[in-house]
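First up is the structure itself, then whatever we jot down about it.
Bear in mind these aren't lab numbers, they're just calculated from the coordinates by the rules spelled out. Because the structure is a prediction, the values reported are computed rather than measured. Reconstructed Cβ throughout: ideal geometry from the backbone, glycine too, with neighbour counts over all protein chains shown.
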Amino acid sequence: MPNSYRNLSLHWHEEMEITLIKSGTIYYDIDFETFSVEKGDLLLISPHILHSAHEMPGKSMVSDSLVFHLDFLGYQVPDACTIKFLNPVQSGKLRFLPVVKPGAAGYEEMKECFISLLECFNGKQYGYELYTKELLMRLFRLLYQYGCVAKHEGTHGEFGAEEKLKEVLSYIQSNYRETLTIEELSSVCHFSQTHFMNFFKRYAGMTCMEYINHYRITRAAADLVETERQVMDIAMENGFRNISYFNKVFKERFGVTPGSYRKNSRENLSLPCKM
């Protein structure tokens, strides 16, 4: 389904994510590499890959996304197909190339298959589950056929940094409603405070406190759209102890007040498809 946003906090998930950019441009950070994506680009986010998105000044972006776990394709069934093609993706031994651009080999077939997937899933006609699985298998075949998958060549050091970063991000996402300190977060990684701050800025692309505010304000924005709670209550429940500071950070991030954001978002609400 359509998805419009300005920023997406650094995160990862067990599911595969495929996105088609319908209009506009935006920066995506995928596995510590930055991509400028635009209308027509297909994004392939492999399972467990760290990724985020942030707007270009004066630009906006609208996309369609599908998120699905490889369980849906039966990757745990030990047959030749899953052992050769699905298990290596789920385990991280193989990763899909992050961006497929118009004009690339197989692009039109992949795009057509993706659009058919959206129509099938949204229509939910009798037997759509079978057709959805058929189309996903076809899409995977196309990705392999046209060389859109490669072995993960990360070094041991990069892998260790990724795991440390995931560990501290998980801690933040589990405790963002509470007061968080650098001392507390550095202990999660068993780093000194100075080393932790340098490490986080290097691999996350922002300071730790910037990330915490970014994550809190993102959760608060979701609560504004999905609940009827008062703005002050939402701010407090998402870790902000000062309503004036919350309003300031919110407007810096979204360009409007929390109240205006709630009204505008509900008029244009849409979410990515998740299988």
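Here are some notes:
- Global geometry of the range 119-222, whether rounded, prolate or oblate, following the gyration tensor of its Cα atoms and the 1.5 cut on a/c: oblate
- Residue exposure sequence - Glu134, Glu14 - by fewest surrounding Cβ within 10 Å: Glu14, Glu134
- The residues neighbouring Pro98, those whose beta-carbon lies less than 12 Å from its own, together hold a net charge of -3 under the Lys/Arg +1, Asp/Glu -1 convention.
- For the chain, the relative contact order works out to 19 percent when only alpha carbon pairs closer than 8 Å and six or more residues apart are counted.
- Candidate values (i) 64; (ii) 59; (iii) 55, label of the one derived for percent of Cα pairs over 23 Å apart: (ii)
- Inverse mean reciprocal Cα-Cα distance (Kirkwood Rh) of the range 8-151, Å: 15.7
- Dipole magnitude for the chain: about 500 debye, using +1 per Lys or Arg Cβ and -1 per Asp or Glu Cβ, origin at the Cα centre.
- Only DSSP H runs of four or more residues enter the estimate; each adds -39500 (n - 2.57), and after division by the residues of the chain the mean residue ellipticity at 222 nm equals -14500 deg cm²/dmol.
- Whichever lysines have a C-alpha closer than 20 Å to that of Lys263, once near sequence neighbours (fewer than 8 apart) are set aside: Lys248, Lys251
- Assuming charge only on the beta carbon of Lys and Arg (+1) and of Asp and Glu (-1), the dipole of the range 8-151 about its Cα centre is about 260 debye to the nearest 20.
- FRET efficiency for the pair Glu129 and Cys81, taken as 1/(1 + (r/R0)^6) with r the Cβ-Cβ distance and R0 = 30 Å, rounds to 0.95.
- Fully extending the segment from Lys101 to Thr194 would add 29.4 nm, taking 0.36 nm per residue of separation and subtracting the current Cα-Cα distance.
- Helix 156-175 and the longest principal axis of the C-alpha atoms of the chain enclose an angle of approximately 60°.
- Degrees separating the helix 193-204 axis from the principal Cα axis of the chain, which is the longest one: 40
- Take every pair of alpha-carbon atoms less than 8 Å apart whose residues are at least six positions apart; their mean separation over the length of the range 8-151 yields a relative contact order of 23 percent.
- Against the chain, whose longest principal axis comes from its Cα atoms, helix 243-254 is set at around 30 degrees.
- Comparing Ile21, Thr257, Gln145 along the charge dipole axis of the chain, the residue lying farthest to the positive side is Thr257, per the Cβ-charge model.
- Projected over all directions and averaged, the alpha-carbon convex hull of the range 157-267 occupies 7.4 nm².
- Rounded to 0.05, the FRET efficiency of the Met137 and Ser170 pair, given R0 = 41 Å and the Cβ-Cβ distance, is 0.80.
- About the centre of its Cα atoms, the range 157-267 shows a dipole size close to 420 debye [charges on the beta carbon of Lys, Arg (+1) and Asp, Glu (-1) only; nearest 20 debye].
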